[in-house]
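See structure below.
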Amino acid sequence: MKFTKDWLDIHLKTNKSESQIIQKLNSIGLEVEKVEPVKNELSDFIVAKIIKVNKHPNADRLKLCDVDIGKKDTLKVVCGAPNARDGLLTIYAPPGSVIPKNGMKLEVSKIRGETSYGMLCSESELKLSNESEGIIDLNDKYKTKIGKSFFGEKKGKNVIELSITPNRPDCLGVRGIARDLSASNFGKLKEQRKSKVKKNIKHNLKIKIEKNKNQACSIFGSCIIKNIKNTESPGWLKNRILALGLRPISAVVDITNYVMFDLNRPLHAYDLDKIKNKITVRNSKKGESFKALDNKNYTLDKDMCVIADDEGVLGLGGIIGGERSGTEIHTKNILLESAYFDPTIIRKTAKKLDLNSDAKFRFERGVDPQSVTAGLDSALELILEICGGEVSKLDVQQTKKFKDLEIKFDPKMVTNTVGTNINTNEIKKILSNLGFTIKSKGKFLNVKVPSWRPDIFGEIDLVEEVIRIIGFEKIKSIEPVKKRTKPTLNFFQKHFHLAQRSVASKGYLETITWSFTDEKINNKFKEKLESVKIVNPISSDLNVLRNSLYPNLIFYLEKNLNRGFGDQALFEIGPTFTGKKPGQQITVVCGIKKQFIDEDDNLKKNDLVDVFHIKKDLVQSLTELEINKEDFRVEENTPSYYHPGVSGSIVSKDGNLVLGYFGALHPKIISNTFGFEIFLENLVEYKAKNKKTKESLTFSDYQKSDRDFAFLVNKDTRAQDLTEVIQNIDKNLIKEIKIFDVYQGENIPSDKKSIALKVTIQSDHKTLNESDLTNISKKIVSTVEEKTGAKLRS
Amino acid sequence: MSDFEKKFLEFKNKLNGTQDSKEIESIKTDIFSKNGFINSQFKKLGSLPEDEKKIFASSINKAKQELLEIFRAKATEVSDKDLNEKIKKEKIDVTLPEKEFKIGKIHPVSQVIDEISCIFSEIGFSVEEGPDVENDYNNFTALNTPEDHPAKDMHDTFYLDENMKTLLRTHTSPVQVRTMLKGKPPFKIIAPGRTYRSDSDQTHTPMFHQLEGLHIDKNINMGHLKGCLNYFIKEFFEVDKIKMRFRPSHFPFTEPSAEVDIGYRIENNKIIIGEGNKWLEILGCGMVHPNVLKNCKVDSKVYQGFAFGIGIDRLAMLKYGINDLRSFFECDYRWLNYYGFDPLDVPTNYRGLSK
């Protein structure tokens, strides 16, 4: 919403300055978005200098000029003037400006194959004289003004642009803004003048609002004006229209726009002579079409609100008028419409047709239904003044009564909400200045809501009105109490926090990637899950919710590889989706590691990343999350996106919960890259179920002994199978099992391998003697041989 | 000079004369071994008369002691010499690179979430969460959003079904609804999380982070709201004073509603928060609308309170001088390294939020 201070003065008697007003508007909730100098019709035209005149390659009589308009770069402008020459000071019209002589709006265009950014002007084009022979030749005085407006900008006059929240349609008119300011002690709202227009002639056009299902129109007021002389608007009106950022068209159109911005009251003017027979406000039939004032054809759906005559659709009610009945500069007789349309239906129709207009913007927010005749009167006065003519009586068709809402209001609610004592008289004064009618009834107030405030429903809305006008700065701030009655983080959140920092401490950079990803990549990771598609994705390559963290991590890893970063470790902790219902998501920590292998780097060659590095990172993080080695086992089955032979899963000891995966990623997806996943909910569930209380520490000071064994086993026997068997022999005596060699090759059958391990044996009660140790060693050998088919190597 | 004394002197000279560790060891054997010099002398004792026995034994012991001392001194001397020589040869170039290490980093958004949690923890808020996928009831309807509100357009909200019933939450406010529906007042929570809107340009990303705050109790009013936010902003930016302005605004789920601006100025191209005469909008807040309380089965005659929503990414940008929102999600290796935080740098109330 735009307005100027002098426009405001029409409605508000105030001695406050523009800057005081701007500050006040902000503090009462009418946010000032911009304050800009007023533009007039001619401020676009800029003093410019031709730097160089070049020949136009395709036309002998045209020239291609490099023009300095006071910016960093010069522009190319095609020009046919014979007097164009290097160094000439002239006037430049940019794309978007309107040439006064013919009303033509400039665009960037190609002239005989060369693009021209704007135009150099002759005196006649700017209506300075009739001289049209060549372009304007300015004297040297203008040398210092290159880039400045030729006609100058009016100093000190500003357009104030407000960002009005959707609940305040009344402030989409200058009068509404004036009313809010007057309620804030910023002046007095002037009375609206009573119309003195004589309405003598007969309103002889039949108008009917049809009874349709969901009829959007409930009031249709109109009036006929005959024998007008439509013309260009006078200067004051043109300036108002320009201040709004609109283009002046003709007095009739400019007046309807003016009233819309003045009173938030959209109007529409028809050329009466183009209306066939009568006007019917009705629902559209499917497939009906019309050409709107924006020069586009619209084909309508069923049940859109149209204004029609016997020939068909004239316009879309409350949204846009039609070309067929539009007024022109030679229009003699007009019908002026002032109607009320239902906000929801207007919004639906406009959305379906993807149509936007100032009228629609207002009707969908809510126009005062009681402003129908006031709007007509206001426009009539201006039309008579500027265009003359004879006016008919007003005709108002109305199918619905609008009753002002009454609210029973306990003024104490203001104090309770705000926390600062506000007395009832002040409340009454503010509300009545805003247009509310108030009657006291005991300790309550009976508050009648004005028809222009569709946003007020109940007591809390009145509280807001009061505090908004009083000012938030009057509220006394209450220091918060430093007291905690509940833990800040719950059990799960603590683990989230710990997992995040634990993984980062292993050298991984935390990333945050989109929760959505490319379906094509996601398909490689979704396993048995359904794709969760987004109906309206931001782009076609971000069209599903991710089933895994890998797709995005790999995508960005590869991007970084292309940036030249060979060694990378990235991770993310966040949601992956298992379905499309709320809550069908899990929290995954996923790390990914790639090493750049430089054949020449002898120092690094001995420290290549392999599956045991990634396993170390994972197991160490699990240990830091207090999932110890004895709490899980390693299994070989992993999802298909891992290398089937070089990956493993970490499963809770009871086998019920998958805590994580690790391994080389499948070479078909990405080569030589390792990754791991931790499933945080599973981990936390497992921990919660197996809560260990920390017992007091005991340790044995008796001598411990190591015994080494080498077993010959089948090639596919897993080290874990051996260690588990040994551990289970005597959990008290066997303190540690360490695998120190795995050997295949010479002296070993090709289907076998040798696993060498060191077992640490220690009693908590005594020093073990040689025969104790021999016994346990024998038991180790016999049990392993029996349970795994291994043979002790001699 | 007796034979014994001659031999003794000979060994003494030998020991003193050598510089070789092996020779020392062999001399040691000659003197102290089972059949060595000392033992062979003791063996002679048996054949001596009683009176000489004592004297001779004492001389052997004296000689043994003396030789032992010389031997020890010599052994130390030689091994020191050997070690020194060895050390001389062991000189290496310590300017060669150390073993490779990688420093991991915490994303600024995560760090800021931890900072925020730390601040609100002090004044008794606890952390709540909600799902990223929401139904339209929790995201809009329960929050008093009118049926035809523009925010519900396909232009603004990502939907997972054509009927527009399941969506990616557009704000963290549905966590308010979930929290109130599952519990009983009072409520005092913050809810950080991912939020989604169909927007992508210089200053918008389709996913971003919000922090929701909710405090519902008996007699909670706008004074508490002001105090709470004032405390938070001061703590977060780690400044003593903050210039703050509450501007009335409009949100469906709060009434009265306000937007909060903080004062700032630009100095040497850097933004200084807390002073100056420019205003920066940083959050929206208000008193929870009675309709929302009703929808969440909270009796608005007894309970009332405030809610607020803050853009976490924006806070991180302001505090840590990051210019481009989009860069948060581009995972550029250099960016992550530069703007990320050491995982050991956990914000705490006793150490302070930032290092």
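Of everything in the range B:177-225, what is more than 10 Å from chain A (Cβ to nearest Cβ), outside any strand (DSSP E or B), farther than 25 Å from B:Arg245 by Cβ and in contact (Cβ under 8 Å) with a residue 40 or more places away in the chain? Give them in sequence order.
Matches in the range B:177-225: B:Val177, B:Thr179, B:Met180, B:Leu181, B:Pro185, B:Gln202, B:Lys218.
Name the residues in the range A:353-395 that are without any contact (Cβ under 8 Å) to a residue 60 or more places away in the chain and either farther than 16 Å from A:Gly315 by Cβ or outside the structural domain of A:Asp254 (by TED's automatic domain parsing) (or both), would you?
Correct list: A:Asp354, A:Glu364, A:Glu385.
Among the listed residues A:Ser477, A:Ser531, identify the single one that is facing chain B (nearest Cβ under 7 Å) and either over 30 Å from B:Met222 (Cα atoms) or free of Cβ contacts under 8 Å to residues at least 12 places away in the same chain (or both). Break it down into steps so the answer makes sense when it comes.
Values: A:Ser531 fails: facing chain B (nearest Cβ under 7 Å).
One residue alone meets the criteria, A:Ser477.
So which residues in the range B:105-139 are surrounded by fewer than 24 Cβ atoms within 10 Å (Cβ to Cβ), in a loop (DSSP other than H, G, I, E, B), at negative phi and at the interface with chain A (Cβ under 7 Å from one of its Cβ atoms)?
Scanning the range B:105-139 gives B:Ile123, B:Pro131, B:Asp132.
Determine which member of the set A:Ser19, A:Ser43 is surrounded by fewer than 20 Cβ atoms within 10 Å (Cβ to Cβ) and within 14 Å of chain B (Cβ to nearest Cβ).
The match here is A:Ser19.
Report, by residue number, each residue of the range A:314-342 that is touching a residue at least 60 places away in the same chain (Cβ under 8 Å), buried (at least 19 other Cβ atoms within 10 Å of the Cβ) and not in a strand (DSSP E or B).
Hits for the range A:314-342 are A:Gly317, A:Gly318, A:Thr327, A:Thr331, A:Asp342.
What single numbered condition from (1) in contact (Cβ under 8 Å) with a residue 12 or more places away in the chain; (2) more than 7 Å from chain B (Cβ to nearest Cβ) fails to hold for A:Asn523?
Result: A:Asn523 passes all but (1).
When you scan the range A:485-494, do you find a residue that is touching a residue at least 60 places away in the same chain (Cβ under 8 Å) and more than 7 Å from chain B (Cβ to nearest Cβ), even just one?
Here is the first cut: in the range A:485-494, the ones touching a residue at least 60 places away in the same chain (Cβ under 8 Å) are A:491-492.
From what is left, the residues that are more than 7 Å from chain B (Cβ to nearest Cβ) are A:491-492.
Yes; the residues of the range A:485-494 include at least one that is touching a residue at least 60 places away in the same chain (Cβ under 8 Å) and more than 7 Å from chain B (Cβ to nearest Cβ).
Kindly check whether there is at least one residue in the range B:293-302 that is away from every other protein chain (no Cβ under 12 Å), under 29 Å from B:Gly183 (Cα atoms), touching a Ser or Thr at 6+ places or on another chain (Cβ under 9 Å) and crowded, with 21+ Cβ neighbours inside 10 Å.
yes
Quick test of your reading of the structure: A:Ala569 fulfils all but one of (1) without any contact (Cβ under 8 Å) to a residue 12 or more places away in the chain; (2) facing chain B (nearest Cβ under 7 Å); (3) under 13 Å from B:Tyr333 (Cα atoms). Name the failing condition by number.
Of everything listed in (1) without any contact (Cβ under 8 Å) to a residue 12 or more places away in the chain; (2) facing chain B (nearest Cβ under 7 Å); (3) under 13 Å from B:Tyr333 (Cα atoms), A:Ala569 misses just condition (1).
If a residue counts only when it is over 15 Å from B:Leu211 (Cβ atoms), in the same structural domain as B:Lys226 (by TED's automatic domain parsing) and small (Gly, Ala, Ser), which strands (runs of 3 or more DSSP E) contained entirely in the range B:258-349 have at least 1 such residues?
Working: elements: B:270-273, B:278-288, B:304-311.
Those strands (runs of 3 or more DSSP E) span B:278-288, B:304-311.
Could you please find all residues in the range A:487-533 being charged (D, E, K, R) and farther than 25 Å from A:Ile669 by Cβ?
Residues satisfying the conditions are A:Lys494, A:Arg501.
Being surrounded by fewer than 22 Cβ atoms within 10 Å (Cβ to Cβ), of a type in the set (Gly, Ala, Ser) and over 18 Å from A:Pro575 (Cα atoms), is that true of even one residue in the range A:523-533?
Among the residues of the range A:523-533, not one is surrounded by fewer than 22 Cβ atoms within 10 Å (Cβ to Cβ), of a type in the set (Gly, Ala, Ser) and over 18 Å from A:Pro575 (Cα atoms), which makes the answer no.
Looking at (1) under 26 Å from the mean Cα position of the chain (by Cα); (2) over 30 Å from B:Asn163 (Cβ atoms), can you tell me which one A:Gln493 breaks?
Of everything listed in (1) under 26 Å from the mean Cα position of the chain (by Cα); (2) over 30 Å from B:Asn163 (Cβ atoms), A:Gln493 misses just condition (1).
Which one of B:Ile87, B:Ile92 is hydrophobic (A, V, I, L, M, F, W, C) and part of a loop (DSSP other than H, G, I, E, B)?
B:Ile92
Do you know which residues across the range B:93-143 are among the basic types (Lys, Arg) and more than 21 Å from the chain's Cα centre (by Cα)? Even if it seems obvious, please write down each step before you answer.
First, the residues of the range B:93-143 that are among the basic types (Lys, Arg): B:99, B:102, B:105.
Passing the criteria: only B:Lys99.
For the range B:1-25, which residues satisfy the criterion of being surrounded by 13 or more Cβ atoms within 10 Å (Cβ to Cβ) and not acidic (Asp, Glu)?
Within the range B:1-25, B:Phe4, B:Lys7, B:Phe8, B:Phe11, B:Lys12, B:Lys14, B:Leu15, B:Thr18, B:Ser21, B:Ile24 qualify.
What number of residues within the range A:117-135 are of a type in the set (Asp, Glu) and buried (at least 18 other Cβ atoms within 10 Å of the Cβ)?
The total comes to 2.
For B:Met222, which of the numbered conditions (1) surrounded by fewer than 18 Cβ atoms within 10 Å (Cβ to Cβ); (2) at pLDDT 95 or above fails to hold?
Going through (1) surrounded by fewer than 18 Cβ atoms within 10 Å (Cβ to Cβ); (2) at pLDDT 95 or above one by one, B:Met222 breaks only (1).
Of the residues A:Gly574, A:Gly564, only one is more than 7 Å from every other protein chain (Cβ to nearest Cβ), small (Gly, Ala, Ser) and surrounded by fewer than 16 Cβ atoms within 10 Å (Cβ to Cβ); which?
A:Gly564
Consider A:Leu138 carefully, then state whether it is in the same structural domain as A:Ala84 (by TED's automatic domain parsing) and surrounded by fewer than 19 Cβ atoms within 10 Å (Cβ to Cβ).
The answer is yes for A:Leu138.
Could you list, in sequence order, all residues of the range B:331-349 that are under 16 Å from A:His497 (Cβ atoms) and more than 8 Å from chain A (Cβ to nearest Cβ)?
Across the range B:331-349, the qualifying residues are B:Phe341, B:Asp342, B:Asp345, B:Pro347, B:Thr348, B:Asn349.
Checking B:Asp156 against (1) within 7 Å of chain A (Cβ to nearest Cβ); (2) part of a loop (DSSP other than H, G, I, E, B), only one condition comes out false. Which one?
Here B:Asp156 clears every test but (1).
How about the range A:348-374: which of its residues are within 14 Å of chain B (Cβ to nearest Cβ), surrounded by fewer than 21 Cβ atoms within 10 Å (Cβ to Cβ) and not hydrophobic (A, V, I, L, M, F, W, C)?
A:Lys348, A:Lys351, A:Lys352, A:Asp354, A:Asn356, listed by residue number.
Got a sec? Which of A:Glu473, A:Glu465 is in a helix (DSSP H, G or I), acidic (Asp, Glu), under 36 Å from the mean Cα position of the chain (by Cα) and farther than 26 Å from B:Lys294 by Cα? Show your work before the answer.
Details: A:Glu465 fails: farther than 26 Å from B:Lys294 by Cα.
Exactly one residue qualifies, and that residue is A:Glu473.
Does the range B:226-235 hold any residues that are more than 10 Å from chain A (Cβ to nearest Cβ) and surrounded by fewer than 21 Cβ atoms within 10 Å (Cβ to Cβ), and which are they?
Scanning the range B:226-235 gives B:Lys234, B:Glu235.
Look at the range A:695-732 and say how many of its residues are at pLDDT 90 or above, hydroxyl-bearing (Ser, Thr, Tyr) and under 60 Å from the mean Cα position of the chain (by Cα).
Qualifying residue count for the region: 1.
Do we find that A:Ile554 is more than 9 Å from every other protein chain (Cβ to nearest Cβ) and touching a residue at least 40 places away in the same chain (Cβ under 8 Å) in this structure?
Here the answer is yes, as A:Ile554 does meet what is asked.
Condition test on A:Gly458, is it more than 16 Å from A:Ile28 (Cβ to Cβ) and surrounded by fewer than 19 Cβ atoms within 10 Å (Cβ to Cβ)?
yes
The values are calculated or read from the model by the stated rules, or taken from the named source; none is laboratory data. Here the structure is a predicted model, which is why all the values come from computation and not from measurement. FYI the Cβ positions are ideal-geometry reconstructions off the backbone, even for glycines, and counts take in every protein chain you see.
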